1. Out of the residues in the range 485-513 that are among the hydroxyl-bearing types (Ser, Thr, Tyr) and free of Cβ contacts under 8 Å to residues at least 12 places away in the same chain, which is surrounded by the most Cβ atoms within 10 Å (Cβ to Cβ)?
2. Has the range 392-404 got at least one residue that is out of contact with any Pro (no Cβ under 7 Å at 6 or more places or on another chain), outside any helix (DSSP H, G or I), surrounded by 15 or more Cβ atoms within 10 Å (Cβ to Cβ) and modelled with pLDDT under 95?
3. Among residues belonging to the range 52-88 that are among the charged types (D, E, K, R) and under 21 Å from PRO7 (Cα atoms), point out the one that is least open to solvent (accessible area, probe 1.4 Å).
4. Being in contact with a helix residue (DSSP H, G or I) (Cβ under 7 Å, 6 or more places away or on another chain), open to solvent by less than 30 Å² (accessible area, probe 1.4 Å) and among the aliphatic types (A, V, I, L, M) is the requirement here; does LEU451 meet it?
5. Restrict the check to the range 322-342 and report whether at least one residue is within 14 Å of ASP380 (Cβ to Cβ), within 27 Å of the chain's Cα centre (by Cα), in contact (Cβ under 8 Å) with a residue 60 or more places away in the chain and open to solvent by 60 Å² or more (accessible area, probe 1.4 Å).
6. Only one of LEU107, LEU70 is part of a strand (DSSP E or B) and modelled with pLDDT of 90 or more. Can you tell me which?
7. Tell me, please, whether a residue that is part of a strand (DSSP E or B) and in contact with a Cys (Cβ under 8 Å, 6 or more places away or on another chain) can be found in the range 81-99.
8. Quick check: anything in the range 329-349 modelled with pLDDT of 90 or more, farther than 26 Å from LEU472 by Cα and either part of a helix (DSSP H, G or I) or touching a helix residue (DSSP H, G or I) at 6+ places or on another chain (Cβ under 6 Å) (or both)?
Amino acid sequence: MEERSRPLIVAMKGHPGTGKSTLARSIAAALHCPLLDKDDVRDATLPLELHHRVPTPLLNDLSYAVLWRLADAQLRLGLSLVIDSPLSRRPHLDRLLDLARSAGARLLVVECFAGDEAEWKRRIEGRAGDSWHKPRSWEELEKLVNGYGGCTDYDMTGDEVERIVIDTTAGGDAAVAAVISFISSVAAPFKKKMDVSACSEEAIDACKHVGNISIVGYLAAQSLPLLLLLLLLSNPLSLSLSHYSILSIFAKISETSVMAMNSYAFQAELLLRDYLLADPYVRYTSVFFGILMCKMAYELTQLISSLYFKGYTSLTKIQRIEWNNRGMSNAHAIFIASMSIYLVFFSDLYSDHLPGLVTFRSSSLSTFALGVSIGYFICDIAMILWLYPSLGGMEYIIHHLLSLTAVSYAMLSGEGQLFTYMVLMSETTTPSINLRWFLDTAGMKRSKAYLVNGIGMFVTWLVARILLFVYLFYQIYLHYDQIKKMHTFGCILVFVAPLALSIMNMMWFTKILRGLKRTLAKRQ
């Protein structure tokens, strides 16, 4: 069936009072398609409950049965539709999947939650006179949610479902804009059928803004500072710019990048999900992408160093290989550290406000980034083994094998990705470590840059590989009950991998501390 002839099912999901119905009405108006509300059917069953004493669970099942029959009728006519229901149990989603398959339709789930609990409570208390079967107080809502017993947090991974999670308390117009942009990105035929007159002016402006975002602009804005930083770190002697010029360039690029990131992030995730991540073999293609990135970084470091660093050609063959290898290491460190910081601290993926267990959360973007990191570890450990022990001793092999095992498990299973990314944040220390080696190899051990680098290396290592691991163990303690629900091998990795890496980090930290003391003593 061609894409343009496929109907679309937009299914709402969420607890009462999370703004599903309000958002559903705006979506249906914009798409010009029917809106089927499960509450409308449930309202009509009041006589059955009052006069015939039909049990409430049976009436609820009846309401869903009628809802599915109505949806099937619309889909058979080739119509798209919006379905407003809590979608609280996995069988409800399975029924929608059956409807979508039989009609050749595309299923999109819009999951709503209330990030602001005070606003959520205000909504519940404010609709006390609403439908008779809905919670009329905060206590009734809590009782209802607790009665679900966690069944609402079912996994959709692997299903033929596009999903977006929306905090409706963050602003109604922003929520409408985000959902409409999401729908237009995954269901191309609706790009021309959207009726923006159904939305407020603020939502229209937001939609236009998101719709006009260029993914090329995002990649360019992100690549410029990273590329310049890579050149500086991979070859600190190759640039003749003054300190002021370098800082000026970074200031201008950083200002542009910060503004661009906020605008382009959404479209970047769409590119990754709908194109790079749409293939069922994305885990393997992302690993290939990581290997390709390492190859490009290696070659780029070699090219630039040979052009701008006169001492590069006088290095031994092993030194040149390690020089290029460290340029490759910098590229991976910048990429994975940036992704780790974004996913852990700035995205909503691991937010406590979202439903579901943190230990089982993953996304297309998080899986892709882990695959890239696996590609790097494969390349690096292959080079270490091939030239052993020139590029590193046994401690490097143990470190890489342990990291490769933990990252691979997190990518393939989707378990424990939060803890994996917290460990990968320690890669922020890699550029300073590599810069240390560059300065040493270039004969600049007595330079002021070498001293500054030593102090910076000490500080970054203390923060990213000592204090961060303390925070990581604290998070493991907080989520211990969730970790126990993981696969046995995953549970072992969550405890063993960080512990082993932290021991190695402490060993290396003592070496850094001794080296810094020697450098300061010589200065004095």
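1. The residue in question is THR510.
2. Residues of the range 392-404 that are out of contact with any Pro (no Cβ under 7 Å at 6 or more places or on another chain), as a first pass: 392-404.
With the extra rule that they be outside any helix (DSSP H, G or I), the set shrinks to 392-393.
Then drop every residue that is not surrounded by 15 or more Cβ atoms within 10 Å (Cβ to Cβ), which leaves 392.
Restricting the remaining residues to those that are modelled with pLDDT under 95 gives 392.
Taking every residue of the range 392-404 in turn, at least one turns out to be out of contact with any Pro (no Cβ under 7 Å at 6 or more places or on another chain), outside any helix (DSSP H, G or I), surrounded by 15 or more Cβ atoms within 10 Å (Cβ to Cβ) and modelled with pLDDT under 95.
3. ASP84
4. no
5. Within the range 322-342 (the criterion being within 14 Å of ASP380 (Cβ to Cβ), within 27 Å of the chain's Cα centre (by Cα), in contact (Cβ under 8 Å) with a residue 60 or more places away in the chain and open to solvent by 60 Å² or more (accessible area, probe 1.4 Å)), the answer is no, since none of the residues qualifies.
6. Being part of a strand (DSSP E or B) and modelled with pLDDT of 90 or more holds for just one of LEU107, LEU70, which is LEU107.
7. Scanning the range 81-99 turns up at least one residue that is part of a strand (DSSP E or B) and in contact with a Cys (Cβ under 8 Å, 6 or more places away or on another chain).
8. Checking the range 329-349: not a single residue is modelled with pLDDT of 90 or more, farther than 26 Å from LEU472 by Cα and either part of a helix (DSSP H, G or I) or touching a helix residue (DSSP H, G or I) at 6+ places or on another chain (Cβ under 6 Å) (or both).
The values are calculated or read from the model by the stated rules, or taken from the named source; none is laboratory data. Since this is a predicted model, take the numbers as computed values, not measurements. FYI the Cβ positions are ideal-geometry reconstructions off the backbone, even for glycines, and counts take in every protein chain you see. What goes into the accessible areas is simple: the full protein's heavy atoms, side chains included, and nothing from ligands, DNA or RNA. Shrake-Rupley method; radii C 1.70, N 1.55, O 1.52, S 1.80 Å.
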